[in-house]
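These notes concern the structure reproduced below.
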Amino acid sequence: MGQKVNPIGFRIGIIRDWESKWYADKGFAANLVEDVRLRRHIKKKLSAAAISRIEIERTANNRIKITLHTARPGIIIGRGGRGVEDLRAELERMTGKQVHVSVEEIRRPELDAQLVAESIAQQIEKRVAYKRAMRQAVLRTMRMGAKGIKVTVSGRLAGAEMARTESDKQGKIPLHTLRADIDYGFTEAATTYGNIGVKVWIYRGDILPGQKEEKASETSEETLIGFPRQRRERRTERAERPRRIRRAGQPAEAQSDAEEVAEADVVADDREQEEADLQC
């Protein structure tokens, strides 16, 4: 059933954690409904802030701590922190409880499945071809160091009379491997022909139980200007490696001069190749 179940819920307690962290005996239903209302209100009010996840914690003294994971923290914080204060006051009026709001930045939104899905949906709503939006999202995500991505769109694509499902995939998505760090996102694009569902799966590597923080720190340093760290190290080693070219029948004195010229040519070729890759 790994192909059918939600990848995030499937891995809770293994490599993922709950987004609502609290315990209630008698007031469980009321707290659950309140969490849903808070999430809907924040997503609607800050729709332009690229919010991926909203974590809610409740303490024993009836306080609520909300953590917003966003790719655009400046929109939420506002000038001088006024935006966060206004949001906190509004949520306190809604709940009648003391609320604390914190903001965490998502440094690489291309590796966040929910943000990628919302980006594709926004492009479809702006009448961008769905195949182009899917392909660009796949290429950007793989360029940032993901090991695999799968995108699926369903509905009346391009205004067709009959709804259908199309997908684009690159790399691998091991849904049955519980240690695999697979992020999942879903949203809908509202078009004149009806809603189009967008689903995104992103495979970011393996995480062993108890090593979540170490893997996160390694992932944050994985890429720079679109190149994986191992690939950059291999390029550096190849550029610094001495190159020797021997020609039959050539004296030893002439070989040294030829080696210097050949080595300079090889280093120059490597630099030109790196500049061409960076421009791409």
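Values quoted throughout were computed directly from the atomic coordinates according to the rules given, and no laboratory measurement underlies them. Computed from a predicted model, the values in this text were never measured in an experiment. Methodologically, a virtual Cβ is constructed for each residue, glycine included, from the backbone with ideal geometry; neighbour enumeration extends over all protein chains shown.
What the table shows:
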read-out: Set R88, R82, R63: member being touching a Lys or Arg at 6+ places or on another chain (Cβ under 7 Å), over 27 Å from F186 (Cβ atoms) and among the charged types (D, E, K, R); value: R63
read-out: Strands (runs of 3 or more DSSP E) contained entirely in segment 129-191, each with at least 1 residues that are among the hydroxyl-bearing types (S, T, Y) and surrounded by 14 or more Cβ atoms within 10 Å (Cβ to Cβ); value: 148-155, 180-191
read-out: Filter result for K4 (within 24 Å of the chain's Cα centre (by Cα), under 23 Å from K147 (Cβ atoms), of a type outside the set (S, T, N, Q) and exposed (fewer than 12 other Cβ atoms within 10 Å of the Cβ)); value: yes
read-out: Condition check for A89: loosely packed, with under 13 Cβ neighbours inside 10 Å and on the phi < 0 side of the Ramachandran plot; value: yes
read-out: Residue satisfying all of: in segment 59-74; more than 17 Å from the chain's Cα centre (by Cα) and surrounded by fewer than 19 Cβ atoms within 10 Å (Cβ to Cβ); farthest from L111 (Cα to Cα) among these; value: N61
